[in-house]
Every structure is written in C-alpha cells, then in structure tokens.
1. Can you grab the distance from the C-alpha centre of segment A:79-96 to the C-alpha centre of segment A:212-249, Å, no decimals?
2. Which shape class, rounded, prolate or oblate, goes with segment A:196-324 when its Cα gyration tensor gives a ≥ b ≥ c as root eigenvalues, a/c under 1.5 marks rounded, and past that a/b bigger than b/c marks prolate?
3. In debye, nearest 20: dipole of the protein assembly as shown around its Cα centre with unit charges on the Cβ of K, R (+) and D, E (-)?
4. How many angstrom separate the Cα center of segment A:280-325 from the Cα center of segment A:17-42?
5. With the dipole of the protein assembly as shown worked out from charges on the C-beta (+1 for Lys and Arg, -1 for Asp and Glu) around the Cα centre, which of A:PHE137, B:ASN248, A:VAL62 lies farthest toward the positive end?
6. Summing both sides, how much accessible area is buried between B and A? Use a 1.4 Å probe and give Å² to the nearest 100.
7. With angles folded into 0 to 90 degrees, how steeply does helix A:212-224 sit against the dominant principal axis of chain A? Use alpha carbons for both and round to 10.
8. Just to be sure I understand the interface: list residues from segment B:92-131 that lose 40 Å² or more of accessible area between the chain on its own and the complete protein assembly, 1.4 Å probe.
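The values are calculated or read from the model by the stated rules, or taken from the named source; none is laboratory data. Remember, predicted model here, so these are calculated numbers, not experimental data. Cβ placement follows ideal geometry from the backbone for every residue including glycine, while neighbour counts extend to all protein chains displayed. Heads up: the accessible areas ignore ligands, DNA and RNA and are worked out on the full protein's heavy atoms, side chains in. Shrake-Rupley method; radii C 1.70, N 1.55, O 1.52, S 1.80 Å.
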Amino acid sequence: MREITYAQGIKEAMSEEMRKDENVFLMGEDVGLYGGAFGVSVGMFEEFGEERVRDTPISEAVIAGAAAGAAVTGMRPIAEIMFSDFTTISMDQLVNQAAKMRYMFGGKAKVPMVLRTAGGSGTGAAAQHSQSLEAWFCHVPGLKVVIPSTPYDAKGLLKAAIRDDNPVVFIEQKLLYRKKGMVPEEDYVIELGTADVKREGKDLTIITYGRMVPTCLKVAEDLSKEGIEIEVVDPRTLIPLDKETLIKSAKKTGRVLIVHEAVKTGGFGGEIAAMIADSEAFFYLDAPIKRLCGLDIPIPYCPELEKNAVPTEETIKDAVLSLVK
Amino acid sequence: MNISKEKLGEMYEKMLHTRKFEEKVAYFFSMGMVHGTTHLSVGEEASAVGACSALEDTDFITSTHRGHGHCIGKGVDLNKMMAELLGRATGYCKGKGGSMHIADLERGNLGANGVVGGGHAISVGAALTLKMKKQDNVVVCFFGDGAANEGSFHEALNLASIWKLPILFICENNMYGMSVPTSKSMNIINVADRAAGYGIKGVVIDGNDVIEVYNTVMEAKDYVKQNGPILIEAKTYRWLGHSKSDANVYRTKEEIASWKAKCPIKRLRKYLEDNHIFTAEELDAIEKKTTEDLEKAVEFAQNSPYPSLNTILEDVYA
C-alpha cells in the first residue's frame, strides 16, 4: 500500500488494464499529450502512443457513439467526456444506442464500454460545468452508474468497469481528484454493486456517495465527540445498487439521512428513500427518512452562493441533529 | 466492372426478396396482424442490395429505420426476419426489437436503427475496431437525406476523416424526410457536396441502378482502406409513405408514377435479358423461388411461439 491521489488511482486502473488487454483504449478531448483537462491521463500518451490514447475533436456525440460502435465490434473503449454537463450532448448515443443494443437485439450484443466523466460543483465554473447528473443515467436500464469517493474505490471500481461487458457511466468527482488515500500496488477489483460502510455507528445512517462522503465522515467524527455515532454507507455504484447493505444499516440504526450533491427533485436520493421505505427496514425506522440534497437551482458562480447550493458540514450536522433528537 | 452471372442473379433475388418481404409486411399491417409501425423501402431496393452485395460477411453495416433491404442484402435468414416482425420468440431479436432493430452481428449487420442518424457514430466505432485490429474490412453506414441534417452526421464524418477510417457513408437520398422535401431541408442539391467540408471524396450515383451501386461500392472499398471515408449519395425514391400512417398528401400522384416507371427491379431484369445474361425463364424461376421463400418465411413465423413472459427481464445486462 502507498498513498496516491484519486486521479492517480484512475490513471493506474486504465494503464494496468491497457497493459493487460490490447482491446482497451482511451479516447476523448485532450486526453493525449495534454493529459486530460484534470490531468488524469498524464503520461499515458507517452506510454501507449496516439493509437491507444486518442485525442478527439470536440464532438461528444461521436465520442460516445464511437465507443459504443467499437465496443459492440470487439474493443473495450474508455471514452472521456471532459465535464459531466457535456454528456447531455452524448445522450442519444448513450441512452438510445449503447444502453439499448443488448436488449433490443435479443441479447446478441455486448457493449463493454466505459464513459468516464467529471462531475460536481465547487470549482467556480458555474451552471454549465458543475452539475451532478447521475440520476439521468440511473433512469436508463442497460447502463451501470458508478461514483467513487476514494482513491482506493476509484481504482478498483474503474478496473471492474473496464472488465464489465456493459456500458458503464463512471462519474469522477472534480473536488476529489487531488485527494490522497491508501491504494494497494497489486491488482484488485471492486465488484460493481457492492456498497461500503465507510464508518460504523449505531445512532443514524447516512447514505451518501461521491464527494459528499468525506464531508459526511468529517461530520460523523465531529458529532462522535458529542456522543452521536453515525454510520456512513457509500453505495459506490448506484446501478446496480447494493440494496442489502443499505437496508441492513437502516435496520441497525433506525434513522436514515440521504445526502447528495445533485439537486433534490428527481435525485437518486428519492429512489434510495423509496427503496428503504418499501423494505423490511421500514418497521425498524424511528424517524422519517430524510434527504439532504443540492438546492433545486443551477449552480451559481459567487463562492458563497456556490458553497451553499449543496449540502455543507453545517447543514448535514443540522439534519443529523433533527433526526436524532 | 465485370459482374459474374452468379452475383447478378443473387442481386436480382435479393431485390425481389426485399420487395416481396415488404409487400407481405404491408399486408400484415393492413390486416392488423402486426402492431407498431414499419418503414417500407419499396422502390429503393437497388441502393441497399447493390451496396450490401459488394460486401463480405466480415464487413460491417449500420442500417436505418428503413432497413429491410440492408438486412436482406447483407444476407439474412428470412424466416427469422419475418418472425421478428411478427414479434415471435424465433425472431432475430427474440421478438424484442421488431422492424426497426433487426441486427445480425454474425454477418456484420450492426442493426437497423430507430433514431434518424443513430448509426453515424456507431459506424465510426466499428471502423475504429477494424483499424485498431488491423482487419482488412470496411464499414458501410447507410442513412437517408433526413439524417444528413443531424448533428451526428457532422461529428461522424469529421472524425472518420481525421482518423482515415474505412467507412463508406452511403446516403440513400429518397428526396423526402418524412413529408418535407430536401428542397426545404437543405440549401444544396446534392448531399455529396458536403464531403468537401470534411476533406473527403463525395460522389453522386443513380441509386436505382443496382449495377452502378454495386460497382461504386466495390471500387470504394479499396479506396477507403487506403484513403479514409467516402460519401456516396445514391439518388432514389420511396414509392410508399414514410410509415404506415402516411397519407401521401405532400407529393403528387404523377411524381410517384414517374418513379414507379423507374422500378429498379424491372430495370435489372431488362438489363439481364437484353444482354442475354439470363433468359426470361431463368428469371421467372428466380422470381418464383422468392415467392416461395416468402411463403415459407410467413409459415415459419406464424407457426412460431410468442416469447414467454419469463423472458421480459432477460438481456438488459450482459
């Protein structure tokens, strides 16, 4: 084990899989010599060359569609869409083509592609570069949706995503790219659909993912000093969702707070809340299931406004206290 | 180019298969025996069959919503195709795809497509596979004049050009995007003129002449392997409405009649007889066989079971 960043974990996952399998390749805007807008692929162009680390024009539709076309004919492409906001331009290819091929062709096609993209606010880039659109993808059967919160998870989940025979949307978190964590040097994968209990506790469960995980863990440590023990559960992949682990934790603590950065209305938190309410965990609940999410607004520019558009340590703390009182 | 008698006979047969397949489908729709909609290519058989007949099984195609001719051209099991249209478990897609989603990956058919322009980007990916795996094959991307106005057309041709991918972009220009004539949807006469914007070659051909289509594609296969993509525009015409709900209010009977007079199948037959390649009796025998093939396909389809409800959740994920 050694300490590397989230971005390095992602790069290692791609590089290791590319060394192992010649069908794996990376394409996207500025992923080559530049190393990607967030520096994730720095050095890969030098190692693998322009054939396997392909700079594309600024053409998000064909990046996604070409990945689907290459995947269905025998390659295992990794396509990078620089900001998750721009996946809206890729949507036809992803939603109507990649996600549907297998089912509508009667199970004959496999579409082993990964669409990597950077999501989330907090960089001052305002409304068109800051969204958290994971719920859009979760609404499309045929896609898998992954959002890692640590360097360890990022590497292990990406390796699983690359080896998966389905289209996987892999949403990276801009604010986590430079965060460090312990990551093994040897090969490992994290099976898609396995949640991780990031912190054990008995008083309340926070279900959260992506960059809200470290924020919630900080709140949990703070409130521990006040005698409140919070369990923090990170589903890590939204599709498939590890319902069992979430239900188990809800039953254990009897109180559930769901935290995500994406806007509340139509957000994936609603799905998690409904899933728990539909389960046997309902009978163990001592309080209503609560959601704390991004406000129903475009992400604003001014730093104070931007910070308060999504859950903060303060608002998470308040939400926890309102549930355990 | 000298085309063998065998290949000419095969093309005649496939065009007839396409025509008769669609006539059956039209009949089934009129009788309410199949649901949904379907897009018939009657009158356009030469561009589909001519292009596909120039391909190997290991070449890829991406097709369109009007894709029956492409499927048949690329070599298809008519029984499984008819079964799919009737929603049966024995169909190409186990009854889950229908007319607009027939795919046959074993023969390089990457699928018909319900989205106009949906195949452009997929063809780029398929050609990228060929290039990266160093396979000596090509991709034919079929699309209509309507799809030439989709954004994906621009992105795909540009990227294919930059990466010098072996793709034949074949525009089957049937002069109408549903009801709107090309004169009202683009300010140029020829879609092929757009090739200049991507630094690639563009050619216009008679899409109702199966021999011209075949020869163009044969020649272009070698060209694209060396030079990257080409844009081929095959001018043709759809005799019937856009889909089953079309009352044909946007064009005249005279216009339709003038194109029916240019029937690509009759034209090939005349060529084959005039040049003494086939006798009338031989051609009649082919026609009779195609009628029988379709009868068998209908029988197979009608005797096939519907998919079990137990399969409804299958094949969402691999």
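1. After rounding, the separation between the Cα centres reads 29 Å.
2. Oblate, since a/c reaches 1.5 and b/c is not below a/b.
3. Values: 74 positive and 89 negative charges, 125 e Å.
For the protein assembly as shown, the charge dipole is close to 600 debye.
4. Answer, in whole Å: 36.
5. B:ASN248
6. Working: alone 14740 and 13840 Å², together 25280 Å².
Result for this pair: about 3300 Å² buried.
7. For helix A:212-224, the angle is close to 30 degrees.
8. With the partner chains in place, segment B:92-131 has these residues losing at least 40 Å²: B:LYS96, B:HIS101, B:LEU105, B:LEU110, B:VAL115, B:ALA121, B:ILE122, B:LEU128, B:THR129.
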